[in-house]
Amino acid sequence: MKRSRVYHQRDGGVTPACTRPSYKKSYDLRSRSSSVQRRPTVEELEAAVEPGLGFIPDPALLPRSRRGRQFLHGPLDWGEICQVASVSRRALLVWLLINHRRKLTGERWITLTVRDLARLRVDRMAKHRALKVLEAEGLIRVQRTRGHTARVRLVREG
């Protein structure tokens, strides 16, 4: 059986369906300008900003290696890590978060935000139990105020 082509009548004549104008917009895939714009480096961005303004560059302008990635600031005491890890996994996560927040904020007394805890899949009750365990181990001090989140301080500042 022979396949027949589909034809449409337009302007009194017959044209194949594949040559009809498309209802979709077409875009030129070639670059409009012959010169490719390069993104500034981090050093160039930092040099362009006056110190003390607290400027945070647009993440799209940062190199791929620094976009959206967070790192744990060290050094961390291996003995303390082993001590906390022997107690519980959640306590280790909370202790690492305390160290991270301490280095990030630069303050002695810190609070653990719900957002940071949620990233580690630690709920409020697990945080409460972990803080009690860490306090009993002598690794942290905790200030508790009714109706407020607990304020935590590391015993050994690292």
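The values are calculated or read from the model by the stated rules, or taken from the named source; none is laboratory data. Values in this document were obtained by computation on a predicted structure and should not be read as measured data. Virtual Cβ from ideal backbone geometry, glycine too; neighbours counted across all protein chains shown.
Do we have H128 as surrounded by fewer than 12 Cβ atoms within 10 Å (Cβ to Cβ) and out of contact with any His (no Cβ under 8 Å at 6 or more places or on another chain) here? Break it down into steps so the answer makes sense when it comes.
Details: surrounded by fewer than 12 Cβ atoms within 10 Å (Cβ to Cβ): no; out of contact with any His (no Cβ under 8 Å at 6 or more places or on another chain): yes.
So H128 fails the test.
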Problem set entry | Subset of the range 116-125 [surrounded by 13 or more Cβ atoms within 10 Å (Cβ to Cβ) and aliphatic (A, V, I, L, M)] | L117, L120, V122
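Conditions (1) under 28 Å from R144 (Cα atoms); (2) surrounded by 10 or more Cβ atoms within 10 Å (Cβ to Cβ); (3) modelled with pLDDT under 90, marked per residue:
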{"position": "A60", "(1), (2), (3)": "no, no, yes"}
{"position": "T105", "(1), (2), (3)": "yes, yes, yes"}
{"position": "T111", "(1), (2), (3)": "yes, yes, no"}
{"position": "V114", "(1), (2), (3)": "yes, yes, yes"}
